[in-house]
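To keep things clear, I will list the structure first and then write my remarks on it.
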Amino acid sequence: MIEIVSATRCTGCNICVHACPTNVFEAVPAAPPRVARQDDCQTCFMCELYCPEDALYVAPIADEAARISEQDASVQALIGSYRRDVGWGRQRQSTAAADSSFELLLRAR
Amino acid sequence: MTDARVFGKVPLSGTDGSRRYDVDVLVLGGGPAGTWAAISAAARGASVLLADKGYCGTSGATAPSGTGIWYVEPDRQAREDAKASRYALGGHLAEPAWMDRVLEQTWVNLHHLAEWGYPFPVDQDGKPQRNSLQGPEYMRLMRKRVKEAGAQIIDHSPALELLVNDDGAVCGATGVNRQSGDTWVARAGAVVIATGGCAFLSRALGCNVLTGDGLLMAAEVGAELSGMEFSNAYGLGPAFSSVTKSLFYNWATFYRADGSEIEGAGSAKGRGLIADTLRTEPVYAQLDRADAQLQAWMRGAQPNFFLPFDRQGIDPFTQRFPVTLRLEGTVRGTGGLNVVDGHCATNVPGLYAAGDAATRELICGGFTGGGSHNAAWALSSGFWAGAGAAEFGRQAKASIRRGALRAGEVGLHTRGQQRWDANEVVRAVQAEVFPYERNWTRQADLLEDSLTRLDALWTRIRSSAPAADLQQAVRAREAAALLATSRWMYRSALARTETRGMHRRKEHAVLDTSQRHRLVSGGLDEVWLRREDKAYRTPQAAPEGVSA
């Protein structure tokens with residue numbers, strides 16, 4: 001579920017508030033959005049993709065909150081990783097053009 | 001003349017709704033089916049409003065996931081083989097003429113996607129490969145195309161109920177913006193239900209917006225469903241994770257806690273053994289059959305598959321990890337609203353169904369692993385429903401304007417005093433539909449046992465109070481939709497006394513050739529069923545050795 005809205009990275013654009021399909025965030029005036037309904041998070045990682053600042057981190061645990069903080073080395077290493085992997089963001093190319101599913105679909109039983 | 005279906009419904013007042021829209025076509029749902037419907041309707045000159053419960057572009061099962069596509073070249077033999085390939089698996093209930101239509105429309109629509117700039121990969125011979133779509137990229141493009149087509153999108157705007165005129169034709173919907181709290185009323189000549197299937201809030205990838213809302217709304221105006229027994233798809237994934245993407249488990253071995261292999265367990269045919277084993281002990285997987293080349297392709301094919309592993313510090317190729325099966329219900333099942341013509345009209349005038357909200361028996365009978373067929377169906381049925389709704393809607397708008405009635409019942413316009421807790425109803429439904437012993441393989445006594453409680457729960461909320469406010473109304477309607485879906489599902493499962501497609505009965509473990517028919521269902525206070533016979537024609541596969 002969504003765990004981290006980085007106050008140091010967030011610019012308050014509130015794109016995540018709009019992009020989250022399950023309405024987990026709540027805009028806060030002059031501050032980063034608040035995770036108002038964490039239990040509604042479906043761990044779909046879409047907010048990360050839509051965050052232009054890599055300010056969000058979704059832990060992969062679907063059914064309960066994770067005990068992590070922004071300062072954790074693993075979070076520091078992985079924040080923004082999904083957006084990088086799909087090639088979204090400035091100076092990047094979408095990796096959809098490198099989708100090798102067709103090779104796997106040919107070989108799947 | 002007043003239709004029996006509109007008796008007792010609450011009239012819409014001209015001042016209702018803090019936002020009001022008046023369009024030819026209203027599309028409910030902004031996943032693949034809804035966006036294709038909006039584009040198709042707008043291309044025919046209709047004014048279109050698309051209302052998404054979440055955000056069109058991220059909502060639904062496809063956006064966060066990505067999908068294979070049932071995309072087959074227009075080569076006669078290749079198409080015949082494609083039609084035959086899953087025919088027996090689907091229990092001989094698919095219809096070749098519909099498969100032909102979907103294969104052709106999918107071909108055409110995928111070429112549109114390429115023209116619109118979707119970056120399809122090319123193989124080593126430079127040939128474009130179009131049998132897979134990356135979800136985020138696909139749905140971001142579809143949102144853009146909906147807007148460019150001139151359709152209006154309202155996000156975070158769940159519909160709460162349909163509107164009908166006094167002869168029972170659907171003429172719009174009402175809803176709420178769950179962020180602003182505004183209510184909205186959309187008068188429309190026709191409505192396309194593209195709200196997806198129902199996965200019972202199981203947290204399968206992208207599925208928690210898919211609570212069967214459209215099925216409930218449609219049933220309230222008398223729409224029929226079909227194939228609701230084909231509703232017990234379970235997605236395979238790491239136990240801790242939401243990522244129910246199963247293709248790569250083709251290259252997995254499954255283990256018990258002590259490290260011994262579970263012989264016969266697998267992603268496709270061996271999934272039942274995984275379900276059986278999970279009833280008594282944890283199951284572990286390791287993708288140890290994937291060589292270095294396959295591993296590299298996997299990383300390129302599904303970046304999101306690896307997110308949970310990378311973030312938990314697990315190497316799925318060399319380490320075992322616990323797996324589970326999450327119910328994906330009708331999302332990867334095939335049951336849904338029955339369609340009565342080539343434009344995906346329902347039996348209710350002015351109401352169309354597309355994507356996972358509609359039955360997919362037409363192209364895959366009683367079985368789909370999700371993905372390719374459902375994706376092809378979504379973009380084809382969306383395209384046709386949008387066209388049909390545009391034609392019907394423009395004519396309906398041109399005719400004399402009549403009053404509208406609110407068709408919603410439970411959670412909105414019931415007359416009782418007793419409050420009820422939507423979360424409690426959700427948990428009660430989940431307790432009946434999640435367990436593998438009740439739903440993976442069904443048996444009459446457990447189905448009846450569940451139905452007793454589910455029916456009683458319906459009776460209770462039916463005679464209780466409406467939701468206290470609009471936010472709670474959204475939750476109440478989701479809970480009611482889950483409950484209604486579970487009752488069509490188990491009533492249909494009880495009536496099909498055989499094993500066919502994904503529907504498995506413990507005491508009727510084989511296919512019964514005398515039950516090669518559809519089960520049409522509907523109703524809310526009283527769930528009804530009807531057997532529908534079709535003149536089934538079996539597609540002819542290529543002779544051995546010639547297959548593509």
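Stretched out straight at 0.36 nm per residue, the stretch from B:GLN418 to B:GLU281 would grow longer than its current Cα-Cα span by 45.2 nm. Straight-line reach from B:LYS144: taking Cα to Cα under 22 Å and skipping same-chain neighbours fewer than 8 places apart, the lysines in range are B:LYS53. The protein assembly as shown gives an Rg/Rh value of 0.94, both radii derived from C-alpha positions and Rh following Kirkwood. Within the stretch A:12-99, the trypsin sites (Lys or Arg not before Pro) that combine a DSSP coil assignment with at most 13 other C-beta atoms in a 10 angstrom radius are A:ARG67, A:ARG90, A:ARG92.
Candidates B:HIS517, B:VAL27, B:HIS112 compared by Cα position along the dipole of the protein assembly as shown: farthest toward the positive end lies B:VAL27, with charges placed on Cβ.
The length gained on full extension between B:ALA114 and B:ASP258, counted as 0.36 nm times the residue separation minus their Cα-Cα distance, comes to 46.9 nm. Only Cα pairs under 8 Å and 6+ residues apart enter the sum, and on that basis the relative contact order of chain B stands at 23 percent. Dipole orientation for the stretch B:269-375: of the candidates B:SER372, B:PHE306, B:PHE317, B:PHE317 has the Cα lying most toward the positive pole (charges on Cβ; Lys, Arg +1; Asp, Glu -1). Per-residue Karplus couplings for the stretch B:254-268, computed as 6.51 cos²θ - 1.76 cosθ + 1.60 with θ equal to phi - 60°, are listed in order as 10, 10, 8, 4, 7, x, 7, 6, 8, 4, x, 6, x, 6, 9 Hz, Gly and Pro entered as x.
Show me, for the stretch B:31-47, the HN-Hα J-couplings you get by feeding each phi into the Karplus relation (A = 6.51, B = -1.76, C = 1.60, θ = phi - 60°), rounded to Hz, glycine and proline as x. Once θ is set to phi - 60°, the couplings for the stretch B:31-47 become x, x, 5, x, 5, 5, 5, 5, 5, 5, 5, 5, 5, 8, x, 7, 7 Hz. When the label point is put 7 Å from the Cα of A:ALA77 along its Cα-to-beta-carbon vector, which residues of the stretch B:297-340 have a backbone N closer than 13 Å? In the stretch B:297-340, the label zone of A:ALA77 (backbone N under 13 Å from the point 7 Å along Cα→Cβ) covers B:310-315.
The mean count of C-beta atoms from other chains within 10 Å of the C-beta of residues in B:172-181, rounded to a whole number, is 1. The mean count of C-beta atoms from other chains within 10 Å of the C-beta of residues in B:152-161, rounded to a whole number, is 1.
When only the Cβ of Lys, Arg, Asp and Glu is charged (+1, +1, -1, -1), the dipole of the stretch B:333-416 relative to its Cα centre reaches about 480 debye. Does the stretch B:249-374 classify as rounded, prolate or oblate by the C-alpha gyration tensor (a ≥ b ≥ c root eigenvalues; a/c under 1.5 gives rounded; else a/b over b/c gives prolate, otherwise oblate)? It comes out prolate by the Cα gyration axes. For the stretch B:333-474, a simple Cβ point-charge model (Lys and Arg +1, Asp and Glu -1, everything else neutral) yields a dipole of about 700 debye relative to the Cα centre. Each residue of the stretch B:49-62 was assigned a 3J(HN,Hα) from its phi angle through the Karplus curve 6.51 cos²θ - 1.76 cosθ + 1.60 (θ = phi - 60°); the sequence is 10, 10, 10, 10, 5, x, 10, 4, x, 10, 6, x, 6, 7 Hz, with glycine and proline shown as x. Working ranking of peptides B:61-69, B:357-365 by packing, defined as the average number of other Cβ atoms within 10 Å per residue, highest first, is B:357-365, B:61-69. Between amide H atoms placed 1.01 Å from N, distances below 5 Å from B:VAL27 occur with B:LEU49, B:LEU50, B:ALA51, B:VAL192, all of them 5 or more places distant or on a separate chain.
What the stretch B:78-230 shows is 27 Å² of accessible area per residue, with the surface traced by a 1.4 Å probe over protein heavy atoms.
Length available on full extension from B:ALA296 to B:ASP100: 0.36 nm per residue minus the Cα-Cα distance, which gives 67.1 nm.
Take the cross-link list B:LYS147/B:LYS269; B:LYS127/B:LYS534; B:LYS9/B:LYS397; B:LYS147/B:LYS534; B:LYS9/B:LYS534; B:LYS506/B:LYS534 and give me the ones stretching past 32 Å between alpha-carbons. Pairs exceeding the cut-off: B:LYS147/B:LYS269; B:LYS127/B:LYS534; B:LYS147/B:LYS534; B:LYS9/B:LYS534. Per the Debye formula on identical point scatterers at the alpha carbon atoms of the stretch B:379-530, with no solvent, log10 I(q)/I(0) at q = 0.13, 0.16 Å⁻¹ is -0.79, -0.99. Using only alpha-carbon positions in the stretch A:31-109, the gyration tensor eigenvalues give semi-axes of 27, 18, 12 Å once each is multiplied by 5 and square-rooted (largest first).
Buried on complex formation within the stretch B:91-140 (loss of at least 50 square angstrom of accessible surface versus the isolated chain, 1.4 Å probe, ligands and nucleic acids ignored): B:PRO121, B:PRO136, B:ARG140.
For B:GLY329, the residues whose amide H sits under 5 Å from its own are B:ALA233, ignoring neighbours fewer than 5 places away on the same chain, with H placed 1.01 Å from N.
Okay, which of the stretch A:63-82 sit inside 12 Å, backbone N to the point 7 Å along the Cα-Cβ direction of A:GLN38? Within reach of a label on A:GLN38: A:63-70. Extent along the principal axes, Cα only, for the stretch B:185-239: 45, 25, 13 Å, with the longest axis given first. At a 1.4 Å probe radius, carbon and sulfur cover how many percent of the accessible area of the stretch B:437-548? Ligands and nucleic acids excluded, carbon and sulfur reach 52 percent. Put simply, chains B and A cover up around 4300 Å² of each other's accessible surface, both sides summed, when a 1.4 Å probe is used. Between B:GLN129 and B:VAL122, B:ASP123, the built amide H atoms are under 5 Å apart, and every one of these is 5 or more places off in sequence or on another chain.
Counting Cα-Cα pairs of the stretch B:1-157 in 5 Å increments starting at 0 gives whole-percent bin shares of 2, 8, 13, 15, 15, 15, 12, 8, 6, 3, 2, 1, 0, 0.
The stretch B:471-487 and the stretch B:24-102 have Cα centres spaced 25 Å apart.
Which value does Rg/Rh take for the stretch B:162-276 over its C-alpha atoms, Rh per Kirkwood?
The Rg/Rh ratio comes out at 1.16.
Annotation: for a label point projected 7 angstrom from Cα along Cα→Cβ of B:ALA88, residues of the stretch B:494-531 with backbone N closer than 14 Å are B:501, B:511.
When each of the peptides B:79-91, B:194-206, B:379-391 is scored by the mean number of other C-beta atoms lying within 10 Å of its residues, the order from highest to lowest reads B:194-206, B:379-391, B:79-91.
Label separation (B:LYS144 vs B:SER13): 4.5 nm, computed from points 7 Å beyond Cα along the C-beta direction. Counting only other chain Cβ atoms within 10 Å of each residue's Cβ, the peptide B:53-62 averages 5. When every Cα-Cα distance of chain B is counted in 10 angstrom steps from zero, the calculated P(r) takes the values 4, 19, 30, 28, 15, 4, 1, 0 percent.
Remark: chain B carries a charge dipole of roughly 720 debye about the Cα centre, counting +1 on each Lys and Arg Cβ and -1 on each Asp and Glu Cβ. Each of B:ALA389, A:THR95, B:ALA428 was placed along the dipole of the protein assembly as shown (beta-carbon charges, centred on the mean Cα), and the one lying farthest toward the positive end is B:ALA389. Spatially, the stretch B:257-335 and the stretch A:33-109 are offset by 19 Å when compared through their Cα centroids.
The values are calculated or read from the model by the stated rules, or taken from the named source; none is laboratory data. None of these values were measured; they are calculated from a predicted model. Here Cβ is always computed from backbone atoms with ideal geometry, including for glycine, and neighbour counts include all displayed protein chains. Protein only, heavy atoms only, side chains kept; ligands, DNA and RNA dropped before computing areas. Shrake-Rupley method; radii C 1.70, N 1.55, O 1.52, S 1.80 Å.
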